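Please treat every number below as a calculation from the coordinates, not as lab data. Owing to the predicted nature of the structure, the values given are computational and were not obtained by experimental measurement.
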Amino acid sequence: MKDRIQQVVMMSRPLSSHMATGRALTTESEREYISGEHGEQRRYEAISRVKSRINQPLIEDIQLFKEHAPKLFDELQEAVCEVNQE
């Protein structure tokens, strides 16, 4: 399910020969930090970075989907709602 969200978000980015691969909202390191594996300060910093992504790039992607790719928007919404129901 998380992979579906990552795919949807990554599809909104422009294609390039230098396309980075990664997670949807977090890096592997941030996932470790948020889970508390490296102390409270690292956890706080990682959460702050993710909040920034939610409040800007993710919102922009969602607006793009709503306007230009409604099927992607529906898929994203379905994936997020499924996670929320678990």
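Were the residues from K71 through R42 laid out at 0.36 nm apart, the gain over their Cα-Cα distance would be 6.8 nm. For the stretch 29-77, the gyration tensor built on C-alpha atoms gives a prolate shape. Its axis ratio a/c (a ≥ b ≥ c) is at least 1.5, and a/b is the larger of a/b and b/c.
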